[in-house]
Amino acid sequence: MNVFQEFRDTVAAAVAALQKRGELPTALDLGRISVEPPRDPAHGHMATNAALVLAREARCKPLELAALLRQEIESAPEIVAVEVAPPGFLNVRLSDDLWRRQIPAVLRAGADYGRCDLGRGQPVNDEYCSANPTGPLHVGHGRGTVYGDALANLLDFAGYRVTREYYVNDGGAQIEAMARSIHHRYRELLGEDPGPMPEGLYPLEELVPVARAILERDGDRWLGRPEEEWLELFGREGVEAMLARIREDLAALGVHHDVFVSERELIAAGRIEEAISFLEKQGLVYVGTLPPPKGKQMEDWEPTPQLLFKSTAFGDDIDRPLKRSNGAWTYFAADLAYHLDKIRRGAEVLIDVWGADHGGYVKRMQAAVKALGEGRAELVVKLCQLVRLYAGGEPLKMSKRAGRIIWLRDVVEEVGKDVFRFIMLTRKNDAPLEFDLEKVVEQSKDNPVFYVQYAHARICSVFRNATEAGLPTDPEALAGAPLEGLRDPAELELIRQMAGWPRLVEGAARSFEPHRIAFYLHDLASAFHALWTRGKEEPGLRFLIGAEPGLTTARLAMLAAVRIVIANGLRLMGVTPVEEMH
């Protein structure tokens, strides 16, 4: 039950009634009508922009149309008052009974409360994490991974058919660099002194076990041999070992992917050539030259004929090269092949979750998907800003070149999966985020994950006491509680906050913003904690009152519904609701 959608239906019915009487034209676009909580709670429970967005088509002033709509709406059941506010908003106050009736709706829906059919089964490919398999996941990978995984949960809950995907960049220069790094370690294990790790390679201790496994299997077979004999083998062994570690890291974070797609396998299967051929048939590939890079002084620069994709035809700034000067395919060409593969597997919405340093790559890939999808597919790129890591206020710095890396698994094991995931979603994906290893585990109201989990745990403690007292705690039994006793403004505010969950789900799914769940849960927890605190000071507001069994049952029903909503929100974030705080 979505109260806001129900009121929007009431507004639409009012427009239809006016149209039927000839007071409004029949052809009106109702798609832009919205219903939201007013910014100032003093203005009521809901506000609609209907008069503002319809006035021009209706050929009347917004305030005049708002007055007409008011006359139709104010007689609807459960509407207590309707006010017209300049420049044409309608502010509405609903009856307390309507809000109370949300409680049994939540109890009966349970884990499905808030689930909707917004996506109507539309196939969505959500690709996230996709770290190069040249080492374990470091903490910098964590934010995009949590964002992408929570987004997949949210879209699935909102009725989309989601595929969670990981693209394995197991080809190219970075894999060759890893292979050389492993060979360097291999030589060290055999007693050689190859000197310090060469510039551009990976001085990671995590590559030593890979070199040791090769040594145990092959002995000194690859010692002193030409690079072309061992490079591919060492690269393949490294990719397999690092992918296994990455899967373990993801599991520790509670993340799973439905599909792992190999770049190397796509290339070997000729998918790049297929993608280029596909674009050639549309006249979108040609041999040409590009202007020199902007902002760079290149005295020796000369225009070089290249194979180019006509990405400017789809909104990009310049056309993009598909081959390097040495004849090798560019990374962009491989990405063309990969995204065409996604489209051919049925994806209509392609979501790519990237680090903020890939911002310059967005336009060309969106242009590519427009061409490859022939208008049937949309690419949504979500950039995740870096995480600034601290310990007790002191910054922790990583250096991949020096081998000083803070691995994701270490952080997750120190603070816990739930804490890490929740904190990663306390800011919008493209906003900077600070993560203090000490502050995130503090048990204080300033720690959002503790604050929300504590609300859930407190409700669970009420139910343990209720069970000991022999009171009803089953959701079905509580759904029939006499709710008219819930009259205090704080109780009604808690119910209204809870009833906003379905609207929150739809809005967050439409905008691809799972961080909204964290904000919403914090507000809901705040309303609950405020009521809990008042109950300590005012005995009449306590949840369990032996002399008033009807009121006690009603308050248990209210708390059970709030607990369901908190648990549903936490699960979408990938966080386990706790019953006790330790």
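None of the figures in this text is laboratory data; all of them are computed from the coordinates on show. This structure is a prediction, so every number in the text was calculated from the model and none was measured. Note that we place each Cβ from the backbone using ideal geometry, even for glycine, and neighbour counts take in every protein chain shown.
So here's what we get for this one:
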quantity: Sorted largest first, extent of the stretch 228-366 alpha carbons per principal axis (Å); calculated: 49, 42, 31
quantity: Mean Cα-pair separation over length for the chain, i.e. relative contact order, pairs under 8 Å, 6 or more apart, %; calculated: 16 percent
quantity: The chain - share of DSSP beta bridges that are antiparallel (%, nearest 5); calculated: 50 percent
quantity: Candidates per GluC sites (Glu not before Pro) in the stretch 530-582, loop by DSSP, up to 16 other Cβ within 10 Å; calculated: Glu579, Glu580
quantity: On Cα atoms only, tilt of 173-189 relative to the major axis of the chain in degrees; calculated: 70 degrees
quantity: Label selected from (i) 69, 25, 20; (ii) 52, 34, 18; (iii) 40, 31, 26, the criterion being semi-axes √(5λ) of the Cα gyration tensor in Å as computed here; calculated: (ii)
quantity: Average Cα contact separation per residue, the stretch 267-373, under 8 Å, 6 or more apart, as relative contact order %; calculated: 27 percent
quantity: Computed label-point distance, nm, for sites Ala530 and Gln71 using a 7 Å Cα→Cβ extension; calculated: 3.8 nm
quantity: Reciprocal mean inverse distance between Cα atoms of the stretch 3-94 - Kirkwood radius, Å; calculated: 12.9 Å
quantity: Relative contact order of the stretch 512-582, defined on C-alpha pairs under 8 angstrom at six or more residues apart (%); calculated: 28 percent
quantity: Lysines with Cα under 23 Å of Lys370, excluding same-chain neighbours fewer than 8 positions away; calculated: Lys281, Lys310, Lys323, Lys342, Lys382
quantity: Taking Met197, Met573 and counting other C-beta atoms within 10 Å, the order from fewest to most; calculated: Met197, Met573
quantity: Hits among lysines - C-alpha to C-alpha of Lys439 under 24 Å, sequence gap 8 or more where chains match; calculated: Lys397, Lys417, Lys428
quantity: DSSP-loop GluC sites (Glu not before Pro) across the stretch 338-439, with at most 13 other Cβ within 10 angstrom; calculated: Glu374, Glu438
quantity: GluC sites (Glu not before Pro) within the stretch 91-200: DSSP coil, no more than 12 neighbouring Cβ in 10 Å; calculated: Glu199
